[in-house]
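Single-structure report; data block below.
The values are calculated or read from the model by the stated rules, or taken from the named source; none is laboratory data. What you see is a predicted model; the values in this text were computed from it and never measured. Don't worry about glycine lacking a Cβ; one is built from the backbone with ideal geometry, like all the others, and counts go over all protein chains shown. When the accessible area is computed, the model is the full protein with side chains, heavy atoms only, and any ligands, DNA or RNA have been set aside. Shrake-Rupley method; radii C 1.70, N 1.55, O 1.52, S 1.80 Å.
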Amino acid sequence: LEPDLVVKRQEALAAARLRMQEELNAQAEKYKEKQRQLEEEKRRQKIAMWESMQEGKSYKGNLKLNQQELESAASTSSTVPKPKANKKPLRSGGYNPLSGEGGGTCSWRPGRRGPSAGG
């Protein structure tokens, strides 16, 4: 092969590798920044929870309110959740699996005693 072609190909390969490495470094930097922001948000929530606990308030209620605020700010869609319809119970109120009444037609019986029939 021609030495000039080999040298050009190696230089192009090195330039491509350098470009890919720079892209990877930029992505890693973005990821680190995102993780830093998440850690800061968690720290703020912990501080708010601690302060509300010191004041004698319910900290779980504040946590739920903060999450709802974040969700409402994040999702500004026009979809409205459907109200749940009244569901009928799966079984009648008198169902008791320990008594033989109220169940279906199925009944459980223990297996035969004795050695297994393998062999």
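Projecting label points 7 angstrom from Cα along Cα→Cβ for LEU13 and LYS32 puts them 3.0 nm apart.
Overall, the accessible surface of region 1-47 at a probe of 1.4 angstrom is composed of carbon and sulfur to the extent of 56 percent.
Stretching TRP108 away from LEU5 to a fully extended chain increases their span by 28.9 nm, per 0.36 nm per residue minus the current alpha-carbon distance.
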